Amino acid sequence: MVKTDIENEVGAYVEHLNNLLKGDKDLADVLPLTGMDLFEKVRDGILLSKVVNQIKPNTINTSKLTYNINMAEVENGAAPGSKAIFEVTANQNAFLEGAAKLGIKIVNIGAQDLINGSHDLVLGVVWQIIRAHLLQNVDILSHPELIRLMERHENLKTLIDIGPEALLIRWFNYHLRRANSQRKVGSFSESIKDSENYLTLMQQIAPKLVDPAKVEAALATKDLEERAKIVLEIAEALNCRKFVTAKDIVSGNSRLNLAFTATLFNEHMGIRLPSEEEIAAMYDRFEKMAQQISHLEQALAAKEASAREEGEKTVNLVSELHKTIAEVNKAHEETQEKLSKTEDKLSVAEQQNEMYRDTVRPTRAGRAERRRRGNRTAG
């Protein structure tokens, strides 16, 4: 029979809870959970309270919980003030208070919702608890190695303040970059549907456990569900075949893929702090870089001094050029002025010459005429 999406999700949660609570004597009659019986077995508040204490011990004082409640009385509609209703309500309230201490935001959910075993509400609560468990160590305080995820413009506080889910995505992308992949994960849904990013991630975090032949086979097939099945085979070799099915990967179930990625992180982070030898080598590189920077700064200072000197020479040259231009302009103006005066004088001389010609010409003509007459008379 083909399982529905909700049955797949419940099955993944149940498997995780069975592993988490295995060996708890108080739950001997409850475990193992088998699937959809989850909604029935959380009704008395015991199981969920135990999960909270697995995440953070002693969050709930389980000695004050009531065990072996007559749930048949609750199911048969016991009066609100009955002993069974009082006990089961107190258990569920203890769980809700403990969940709040873990930072789990449970909005508009009360004890009665959990007692009734409402599928949607119970599933939402169980997912938040499992998510908190899987991500409880996804932070730089638990793993100082994650300092390698810090970007150049950031400081340590940035990594401390960033949420675990965002940090998990950054961890994923860190390994993709190290593999020189051009891909980038932005969510636990669309970014992983074709399984390629998972294949790259697992090769990076556990190269000795990943069979290259399987990776090649996965990438060779165009059938995404077949490729996802190979991803899960590789994950099994890493002891991480949990939460997702091939269908969950291909469909992009964000909850289950986040849980799967968190499992990979918790089992094979693939980042380590540098050894003493590596730190010493890093200091050597830093010292050489500091020397190179010092040499570059000195060369730059010399260039700047030379540029200032050349600049001063240029300024002086330009100043002299401006001075010469001013002198040439002044000489030009003076020459123009002299030319103007000369032209005025020439004009006056021409006028005088013209007047002279006008005066002299008639006199000369009269004299010539008189000489001709005189010559005739004498003859």
### Enumeration of residues in segment 223-244 that are surrounded by fewer than 20 Cβ atoms within 10 Å (Cβ to Cβ) and either in contact with a Gly (Cβ under 9 Å, 6 or more places away or on another chain) or in a loop (DSSP other than H, G, I, E, B) (or both)
223, 238, 239, 241
### Summary
Among the residues of segment 35-57, the number that are of a type in the set (D, E, K, R), surrounded by 15 or more Cβ atoms within 10 Å (Cβ to Cβ) and assigned to a helix (DSSP H, G or I) is 2
## Note on the structure
Taking segment 194-215 and the residues there that are farther than 17 Å from residue 249 by Cβ and without any contact (Cβ under 8 Å) to a residue 60 or more places away in the chain, the one that is surrounded by the most Cβ atoms within 10 Å (Cβ to Cβ) would be 209
### Task
Sort through 111, 100 and tell me the only one that's modelled with pLDDT of 90 or more and within 19 Å of residue 42 (Cβ to Cβ).
100
### Task
With the condition kept exactly as written, say whether any residue in segment 58-66 is closer than 24 Å to residue 243 by Cα, at pLDDT 90 or above, in contact with a Lys or Arg (Cβ under 8 Å, 6 or more places away or on another chain) and part of a loop (DSSP other than H, G, I, E, B).
no
### Task
May I ask you to say which residue of 218, 281 is more than 30 Å from residue 18 (Cα to Cα) and touching a Pro at 6+ places or on another chain (Cβ under 9 Å)?
281
### Query
Applying the selection to segment 151-160, what residues are under 27 Å from residue 128 (Cα atoms) and either touching a Leu at 6+ places or on another chain (Cβ under 8 Å) or surrounded by 11 or more Cβ atoms within 10 Å (Cβ to Cβ) (or both)?
158, 159, 160
### Task
Considering only segment 22-34, state which residues are surrounded by 13 or more Cβ atoms within 10 Å (Cβ to Cβ) and in a loop (DSSP other than H, G, I, E, B).
24, 30, 31, 32, 33
#### Entry: Evaluation of residue 19 against (1) closer than 16 Å to residue 133 by Cα; (2) surrounded by 16 or more Cβ atoms within 10 Å (Cβ to Cβ); (3) free of Cβ contacts under 8 Å to residues at least 40 places away in the same chain (one fails), failing number
(2)
### Query
For segment 116-144, what are the residues that are within 18 Å of residue 262 (Cα to Cα), in contact (Cβ under 8 Å) with a residue 60 or more places away in the chain and surrounded by 15 or more Cβ atoms within 10 Å (Cβ to Cβ)?
126, 127, 129, 130, 131, 132, 133, 134, 135, 136, 138, 143
### Task
Tell me which residues, restricted to segment 236-259, are free of Cβ contacts under 8 Å to residues at least 40 places away in the same chain and either out of contact with any helix residue (DSSP H, G or I) (no Cβ under 7 Å at 6 or more places or on another chain) or under 20 Å from residue 124 (Cα atoms) (or both).
236, 237
## Note on the structure
Taking segment 247-300 and keeping only residues that are of a type in the set (S, T, N, Q) and more than 19 Å from residue 165 (Cβ to Cβ), one is left with 251, 275, 291, 292, 294, 298
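The values are calculated or read from the model by the stated rules, or taken from the named source; none is laboratory data. The model shown is predicted, which means the values in this text are computed figures rather than measured ones. Neighbour counts are summed over all protein chains in view; Cβ atoms, including those assigned to glycine, are modelled from backbone coordinates with ideal geometry.
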